Ligand code: SF4
């Protein structure tokens, strides 16, 4: 069952990754969300280096009370890639799977590659060398 598509999360009513989120978002993500009618100040903040999704009472601004995402079809690239994350090891940055996700062990090789491509795209949009 697919993790990146959110099928496994929905089936298990899991939205752990949308609580206390620190998700970085790119200007493209921001533009898409603004075009959907949301206001900048309500859904993001700047941490001094990157724009990140804002939490309200410990929950992502876009998280519905039933655990679904208000902007699922246009959600940020980092959310689409999760639980694939970039990890630094021996000064090398690699794609890995976040153990914080209860279903991290279920990810397929194909999903890992797919998530990794999304992250590379995100970090290139952020102007980072990856
Ligand atoms: S934008 Fe949606 S998928 Fe991403 S953290 Fe917020 S609620 Fe979760």
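Descriptive notes on the structure:
- Flag if residue 70 is at pLDDT 95 or above and out of contact with any strand residue (DSSP E or B) (no Cβ under 6 Å at 6 or more places or on another chain): yes
- Of the helices (runs of 4 or more DSSP H) that lie entirely inside the stretch 1-114, those containing 3 or more residues that are within 13 Å of the ligand (Cβ to nearest atom) and crowded, with 18+ Cβ neighbours inside 10 Å span 27-35, 77-81.
- For the stretch 109-123, the set of residues classified as touching a residue at least 60 places away in the same chain (Cβ under 8 Å) and more than 15 Å from residue 2 (Cβ to Cβ) consists of 122 only.
- Annotation note: Cβ proximity below 6 Å between a residue of the stretch 51-72 that is free of Cβ contacts under 8 Å to residues at least 24 places away in the same chain and a residue that is assigned to a strand (DSSP E or B) and more than 9 Å from the ligand (Cβ to nearest atom) (sequence gap 6+ or interchain) occurs for 54/44; 54/45.
- Entry remark, the stretch 77-108: residues being in contact (Cβ under 8 Å) with a residue 12 or more places away in the chain and under 27 Å from residue 30 (Cβ atoms) number 17 in total.
- Qualifying residue in the stretch 42-52 (condition: under 25 Å from residue 11 (Cβ atoms) and in contact with a helix residue (DSSP H, G or I) (Cβ under 8 Å, 6 or more places away or on another chain)): no
The values are calculated or read from the model by the stated rules, or taken from the named source; none is laboratory data. Since this is a predicted model, take the numbers as computed values, not measurements. Here Cβ is always computed from backbone atoms with ideal geometry, including for glycine, and neighbour counts include all displayed protein chains.
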